[in-house]
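The values are calculated or read from the model by the stated rules, or taken from the named source; none is laboratory data. The structure displayed is predicted, hence computed values, not measured ones. Here the Cβ positions follow ideal geometry from the backbone for every residue, glycine too, while neighbour counts run over all protein chains shown. Surface accessibility is based on the protein's heavy atoms, side chains included, excluding ligands, DNA and RNA. Shrake-Rupley method; radii C 1.70, N 1.55, O 1.52, S 1.80 Å.
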Amino acid sequence: MLLSQPGQIGSLKLKNRVLMAPMGTNYSTTDGFSTERDCKYYAERAKGGVAMIMTEAMIVTEAARSHHNSLCCFHDRFIPGLSKLVQSIKEHDCHVFGQLNHRGALLRRMVLNMEPVGPSDWVNPNTGDAVRALTIPEIHDIQSLFVQAAKRLWIAGYDGVELHAGNGYLFQQFFTRRINKRSDQYGGSIQNRMRLLLETIDRVRTELPDLTLAVRLSASEYTPDGYSQEEIIELAQAVERAGADALDLSGGSNESPQLSKYCIQPPSFAHGCLAPIAKPLKQAVKIPVFVAGRIVTPEDAENVLRSGSADFVSIGRGLYADPHWALKAFGEVKAPIRECIACNVCFERLTIEKDVSCVQNPMVGTEFEALPYAEPQLFAPGSSPRKRVLILGAGVAGIEAARVAAGRGHTVEVWEKASQPGGQIHLAVAGPDKSEVWPVWNYRWQTLQTLKVPVRTNVRATAESIQAFKPDFIVLATGAQPQAAPLDTLQVAPSIAKYHAWDVFENPDLVGSNSHVTIIGAGMVGAELADLLRLRGCHIRLLEMQGHAANGMARNNKYELLERLADSGVDLVTHCQITSIQGRTVMAIVKDMPTQFDVGDYLIFANGPKSNLDILQAVQSTGVSYECIGDCSKPGDFLTAIRDGWMVALRLDQTH
């Protein structure tokens, strides 16, 4: 297994080929100090077996902060906290690098009123903020700031530093002629456009000759007017000559969702998607190369290494989802990996200035993601009395509660009303590219099968059958059910078939190919249903009351989905207030203008669900302690369902 083989970066010897990519957390203080939560988060991933951790991007000047709660190193006052963070990682036989970044034109005025600056006057396409061109003295000041920040990381005990010159940030802005329109020594020819980065490398090397130095590049901008493969190879070779010890390859630019999806890929992207574009750069240099890009499973990682595209794999979101990915990959922790599903909830939360979380691992950044809580079946049960637990509902929430409770030694049985377990997972995987969601279910079901927990289907629970089971505690995980149509459908023409979106996800054949369909509600469910039906050649009109569609999806996934719908001719109508449906006609007000639409052959409602509490009264009549979790507590998503299931199972040790 190449993945488990030792490797080397500069003078550093690494125990395997798995690196943790730099990813934001928003776990720091608003002043940029490292916290105990930072330390626990990084330490858990060091315990999990990676050879090196690249801590999240740190800014080199107070004038270029990226998030309210991101790590900082622009002043000596941050050194003690960073030193503690380093020690929490190194205690577990793991090297640590720090990534330094300046977002330049991608700074956001909406975050701490940062002024966007770059090589040239420009407009940030993501925010609409005007970008001011840097003067030459300002450029030299920024180079000095990178050197000073690198010194602080060296003093704090970091083994190495990475200069972030990819993903659309300042160094890349200078390199790409799309943005750099300068006519001085920092613009024009490729030698001039490389100058900012190469001079910065030289300055860092001069001041810190023993520092291990990596540089991150985007192997492609994935846009026709971006830099060419020949240009990025020339830059990579120049970076090597300048003294870099390694290249870290990503892709795209975070300047817009259309290009950001190549940095933080949605589920439509293949596993290991950046390996092919990285391979020519790997072949052009002699220094080690890291590559990221949807490396989800150990097989993905092994394929990347065997392809000759990289020397090390850089795991990002996969380590949000499972901090013990490496040890599980090597067989040292006998449990399945919680695979990243590329939902990008993590990235979305950072973008809206929340602390990072993960659908597969809602307890990320807390003590509860440690192995005794996350994989309790690997440890002896606690000393407190074990309980007899009945779980009603075999969807994701119920199965997660069963997994953790049984793993902690409780006697668990699951009852499911339907003929198969899974709940809404069958709806969630029905759309295009949605098979990537299966790991949410597979990880939990596989563990539950190992634990031999009985899951009984086709069971209609009653107060009597519950009492006969004699549970000490009941978990209600009965999920949600579709709500009634949000408007009167009595006047709809009888020839028009009416369905709820869930009905069609369960059985797409309900809707004939090449038919005309009106979907009311263009949230995530309605938009994904349109994505499914477009593949059947349907002519689709998608009506949404709000100003935007696919709300609730992470933006990279959302914009890719909306682009597919637009390219397929889906008629998306926003700001649409439906007043009635008469015969074959939808009567609506669109942006204050009365409007009529022909319904077509099918009318499908994609309005939100409601909690299914049909069994609640029977449970209450038994007098047994109970808790509602997941959608039957409040309709939500897989993140809230898994969080509830995990936590209610841990709570069993505190109930009497």
Problem - Centre separation in Å (Cα based) which lies between the stretch 585-626 and the stretch 558-573 - result: 24 Å
Fill in the blank from the handout: Here the gain from full extension of Leu451 to Gln577, 0.36 nm per residue of separation minus their alpha-carbon distance, amounts to 40.3 nm
Exercise for the section: For Thr212, enumerate residues with amide H under 5 Å from its amide H, sequence gap 5+ or separate chain, H modeled in the peptide plane. Expected result: Val161
Problem - Cα long-axis angle, helix 79-90 against the chain (0 to 90 degrees, to the nearest 10) - result: 70 degrees
Problem - Area accessible to solvent at Thr351, 1.4 Å probe radius, in Å² - result: 30 Å²
Handout entry: Sequence-distant lysines (8 or more away, or on other chains) whose Cα lies within less than 22 Å of Lys84
Key = Lys40, Lys47, Lys151
Problem - For a label point 7 Å along the Cα-to-beta-carbon line of His92, residues of the stretch 324-350 with backbone N under 18 Å - result: 324-340
Exercise for the section: Output ³J(HN,Hα) for the stretch 506-519: one whole-Hz value per residue in order, computed from phi by the Karplus curve 6.51 cos²θ - 1.76 cosθ + 1.60 with θ = phi - 60°, and x for Gly and Pro. Expected result: 5, 8, x, 5, 4, 9, x, 5, 6, 8, 9, 10, 10, 10
Exercise for the section: Note down the magnitude of the dipole of the stretch 508-656 about its Cα centre, charges +1 on Lys and Arg C-beta and -1 on Asp and Glu C-beta and zero elsewhere, to the nearest 20 debye. Expected result: 160 debye
Problem - Gained length - Leu510 relative to Thr585, 0.36 nm times residue gap less alpha-carbon distance - result: 24.9 nm
Completion exercise
The answer for the chain, accessible area per residue at 1.4 Å probe in Å², is 38 Å²
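Mean separation of Cα pairs under 8 Å and 6+ residues apart, divided by the residue count of the stretch 174-223: what relative contact order is that in percent?
Averaging sequence separation for qualifying contacts and normalising by length gives 23 percent for the stretch 174-223.
Using the Cα centre of the stretch 182-314 as the reference point, and only Cβ charges (+1 on K/R, -1 on D/E), how large is the resulting charge dipole? Debye, rounded to the nearest 20.
Computed charge dipole of the stretch 182-314: roughly 100 debye.
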Completion exercise
If amide H atoms are modeled at 1.01 Å from N in the peptide plane, then the residues at a separation of 5 or more from His516, or on another chain, having amide H under 5 Å from its own are His539, Asp601, Tyr602
Handout entry: Share of carbon and sulfur in the accessible heavy-atom surface of the stretch 339-381 [1.4 Å probe, %]
Key = 62 percent
Exercise for the section: Please give the calculated 222 nm ellipticity per residue for the chain, where each DSSP H segment of at least 4 residues contributes -39500 (n - 2.57) and the sum is spread over every residue; nearest 500 deg cm²/dmol? Expected result: -9500 deg cm²/dmol
Problem - the stretch 383-440 - percent of accessible surface contributed by carbon and sulfur, probe 1.4 Å - result: 49 percent
Exercise for the section: Within the set of other residues whose C-beta is less than 14 Å from the C-beta of Arg65, count the net charge using Lys and Arg as +1 and Asp and Glu as -1. Expected result: -2
Practice task
Please work out how much accessible surface His75 shows to a 1.4 Å probe, ignoring ligands, DNA and RNA, in Å² rounded to 10.
Solution key: 80 Å²
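What does the net charge come to around Ala477 if you take all other residues with beta carbon closer than 9 Å to its beta carbon, with K and R at +1 and D and E at -1?
That works out to -3.
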Practice task
Could you look at the stretch 23-143 and say what percent of its accessible area is carbon and sulfur, using a 1.4 Å probe and all protein chains?
Solution key: 51 percent
Handout entry: Shape parameters for the stretch 290-415, alpha-carbon atoms, Rg then Dmax in Å
Key = 17.0, 54
Fill in the blank from the handout: The aspartates and glutamates whose Cα lies under 12 Å from the Cα of Lys610, excluding any fewer than 8 residues away in the same chain, are Asp631
Completion exercise
Here the FRET efficiency for Thr29 versus Arg306, based on Cβ atoms and R0 = 30 Å and rounded to 0.05, is 0.10
Completion exercise
Put Tyr262, Tyr320 in order of accessible area, largest first, probe 1.4 Å, and you get Tyr262, Tyr320
Handout entry: Centroid-to-centroid separation of the stretch 494-524 and the stretch 385-440 [C-alpha atoms, Å]
Key = 28 Å
Practice task
Find how much the distance from Ser268 to Ser189 grows on full extension, using 0.36 nm per residue of separation minus their present alpha carbon separation; answer in nm with one decimal.
Solution key: 24.8 nm
Fill in the blank from the handout: Rounded to the nearest Å, the spacing of the alpha-carbon centers of the stretch 292-351 and the stretch 244-291 is 15 Å
Handout entry: Folded to 0 to 90 degrees: helix 229-242 orientation relative to the chain principal axis, Cα
Key = 50 degrees
Practice task
List every residue whose amide H lies under 5 Å from the amide H of Ser580, counting only residues 5 or more places away in sequence or on a different chain, with H placed 1.01 Å from N in the peptide plane.
Solution key: Met587
Exercise for the section: Treating the angle as unsigned and between 0 and 90°, give the value, to the nearest 10°, between the Cα long axis of helix 275-284 and the longest Cα principal axis of the chain. Expected result: 10 degrees
Problem - Residue-count net charge about Asn442 - beta-carbon cut-off 15 Å; Lys, Arg +1, Asp, Glu -1 - result: 0
Completion exercise
With x for Gly and Pro, the residue-by-residue ³J(HN,Hα) of the stretch 185-193, computed from phi through the Karplus equation 6.51 cos²θ - 1.76 cosθ + 1.60 at θ = phi - 60° and given in whole Hz, is 6, 10, x, x, 5, 5, 4, 6, 6
Problem - Among (i) 46, 34, 26; (ii) 38, 31, 23; (iii) 45, 33, 20, the entry derived from the coordinates for semi-axes √(5λ) of the Cα gyration tensor in Å - result: (iii)
Practice task
Work out the length of the dipole vector of the chain about its Cα centre, built from +1 on the beta-carbon of each Lys and Arg and -1 on the beta-carbon of each Asp and Glu, and round it to the nearest 20 debye.
Solution key: 800 debye
Practice task
Place +1 on the Cβ of every Lys and Arg and -1 on the Cβ of every Asp and Glu in the chain, take the dipole about the Cα centre, and give the residue among Gln237, Pro22, Pro362 whose Cα lies farthest towards its positive end.
Solution key: Pro362
Handout entry: Accessible area (Å², 1.4 Å probe, nearest 10) - Arg534
Key = 60 Å²
